[in-house]
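The values are calculated or read from the model by the stated rules, or taken from the named source; none is laboratory data. This one's a predicted model, so the numbers in the text were calculated from it and none came from an experiment. Using ideal geometry, Cβ is built from the backbone for each residue, glycine included, and neighbour counts are taken over all protein chains shown.
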Amino acid sequence: MSMSTQHGGGNRKPSTKAVSGAKPKQGGDEDLEDASAVSDVDEIEDVVDETSSDETSESSDDEPKAPARPKAQPRKSAPARKTAPAGKRPGGSTRPVGKKIAPVKVKQGTSWGPIALFTTVGVLALGIIGFAGWQVYENGLSWQDRADRIEGIKDYRKTDKALVDQREHVWGPQTYNMKPPVAGNHNPNWQRCMGDVYTAPIATEHALHSLEHGAVWITYKPDLPADQVETLAKKVRGNDYMLMSPFADQDKAISMQAWGFQLKVDNASDPRIDEFVKALRQNASLEAGTPCSSGDVITETGSTPRDLGKDGGGTGMGN
Amino acid sequence: MGVLAAVLLLVTGVAIGYLVPNLRKPGDDSIDAGFARDMSTHHAQAVEMAMFAFRLGDSEHVRTLGYDIAASQQWQIGQMQTWLVEWHLSPTTSTRPMAWMPDGQNALQSDGRMPGMASKAELDKLKSSKGKNFDALWCQLMLRHHLGGIHMAEVAATKASDPEVRDAAEKMRVSQQYDISQLTELLKDLGAQPLSS
């Protein structure tokens, strides 16, 4: 076997010629010639080797032809499919034409099968398109769209552009018309807003700077029941870009602030609080990437702004 | 009939082709999104502490390491936030931190802080520390911070669906591992011990 395979590698081209040349010999004469013809094939394929051992004088006429024809047909019909002019035999060219006619006949005998199939595909397509459309709509909503969907929210970015464009850095105490404000000039130092829960009032001048960085500032009336304060604190603690503090002058029990946005609610269990946070925390930043921490961190309470760094003065750190 | 079928198939194909990339994006409650959000928060405190070190560190080594950590982790925050934008997801979520981690809820500290995160009292103490005391406390807090965060990176590096996320998480894990050995070395030089947890 090892010998025959070694020869087979080198003799492939000549052996195929020998097979085609063997046809007239097999039809004409003896078992000896037939065997020599098969031995050429043997070097190519072992399958032929098995048939040659089972041969009788009658079957030997059929069997060498049988492997010879399948070999010849794919080789000659394959190029014929690729390029029309390559088809040398008429038999190769008539067969594809016959195949083209056949499906047309099948179509003429229309059944309910294809109709059901196309209907199913159609319904599926419409379903997929509908789902895709809904996805596109939901994904296409900007954070501002989502914020504006919250019932009772005030979007000053839409209604009072002059207000939300006021964002100078200024030293000293400022006066704000809104209580609490959602925009305005503010202190160069921002209040730390990494989930900070301040239990005493903080300077609005610092908190506004935190809003500019993307924080959500929750304020509550000092008389809000302790359990509600704790409910709010749980929404703040451990969450970056969040801070909360009491605020005496506001008209409702709880007020939510992001830069340019405000929502006032009566109870800490109001589901719109989470909606406001989800829509606006970090998204409402005017300076993407600015942190709630930094060097000059204001963590102290007290409603008077601390002008750390003013006139080259102390930074409050390490000195 | 044939034309109708062709149109339907084409429309279906286009719709599927449009949808599949959308559906394959990590979802709101995915490991990928959870990691991007929580690691951003975790990193933010590392940046804060590293900036303290850059400003207040006693030794050049501590100041340089602080600069290194602040710059690299702030960059990684931007990387993670960009994923969320690309996935059309909110940068934040109302679910608890580490909800995406197996047993993540139990890993949280009693007041909801993620593992390794310093308390406000600890940060205040750090800010008021000076000299070698500052360096030692900073190394202790930063070491604990890294050890607390590295588990998140490990989970994301193996379980996130997006290969880019897995790759980035693995890089974070490795670089934090190098920081950890540096901080351990620094603590030894300062004659201080790592914090208990």
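If you go through the range A:121-141 and pick out every residue that is surrounded by fewer than 11 Cβ atoms within 10 Å (Cβ to Cβ) and either more than 10 Å from chain B (Cβ to nearest Cβ) or closer than 16 Å to B:M1 by Cα (or both), you end up with 2. Considering the range B:112-138, and only residues there that are without any contact (Cβ under 8 Å) to a residue 24 or more places away in the chain and within 19 Å of the chain's Cα centre (by Cα), the residue that is farthest from A:I273 (Cα to Cα) turns out to be B:S119.
Among all residues of the range B:115-129, there is at least one that is of a type in the set (S, T, Y) and either outside any loop (DSSP other than H, G, I, E, B) or surrounded by 14 or more Cβ atoms within 10 Å (Cβ to Cβ) (or both). Among the numbered conditions (1) of a type in the set (G, A, S); (2) in contact with a helix residue (DSSP H, G or I) (Cβ under 7 Å, 6 or more places away or on another chain); (3) within 23 Å of A:G289 (Cβ to Cβ); (4) without any contact (Cβ under 8 Å) to a residue 60 or more places away in the chain, the only one that B:G66 does not meet is (4). With a requirement of 1 or more residues that are closer than 21 Å to A:I273 by Cα and in contact (Cβ under 8 Å) with a residue 60 or more places away in the chain, the helices (runs of 4 or more DSSP H) lying completely within the range A:139-254 that satisfy it span A:143-148, A:156-159, A:204-212.
Residue by residue, here is whether (1) on the phi < 0 side of the Ramachandran plot; (2) touching a strand residue (DSSP E or B) at 6+ places or on another chain (Cβ under 6 Å); (3) acidic (D, E) holds:
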site: A:Y220; (1), (2), (3): yes, yes, no
site: A:D249; (1), (2), (3): yes, no, yes
site: A:I298; (1), (2), (3): yes, yes, no
site: A:G302; (1), (2), (3): no, no, no
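Only one of the numbered conditions (1) farther than 19 Å from B:S119 by Cβ; (2) at the interface with chain A (Cβ under 10 Å from one of its Cβ atoms) is violated by B:M51, and that is (1). The set of residues in the range A:255-290 being assigned to a loop (DSSP other than H, G, I, E, B) and either free of Cβ contacts under 8 Å to residues at least 60 places away in the same chain or out of contact with any Phe, Trp or Tyr (no Cβ under 7 Å at 6 or more places or on another chain) (or both) consists of A:W259, A:D266, A:N267, A:A268, A:S269, A:D270, A:P271, A:S285, A:E287, A:A288, A:G289, A:T290.
With respect to B:L10, determine if the residue is at the interface with chain A (Cβ under 8 Å from one of its Cβ atoms) and either farther than 21 Å from B:A153 by Cβ or crowded, with 18+ Cβ neighbours inside 10 Å (or both). Judged against the criteria, B:L10 is not a match.
Filtered by the rule that a residue be within 13 Å of chain A (Cβ to nearest Cβ), hydroxyl-bearing (S, T, Y) and in a loop (DSSP other than H, G, I, E, B), the range B:57-105 gives B:S90, B:T92, B:T93, B:S94, B:T95. Against the test of being more than 24 Å from A:D145 (Cβ to Cβ) and at pLDDT 90 or above, the options B:L84, B:L8, B:L4, B:L65 yield a single qualifying residue, B:L65. In the range A:269-290, the residue that is nearest to the other protein chains (Cβ to nearest Cβ) out of those that are over 24 Å from the mean Cα position of the chain (by Cα) and buried (at least 21 other Cβ atoms within 10 Å of the Cβ) is A:V277.
Inspection of the range B:107-114 identifies at least one residue that is within 11 Å of chain A (Cβ to nearest Cβ), crowded, with 22+ Cβ neighbours inside 10 Å and not in a helix (DSSP H, G or I).
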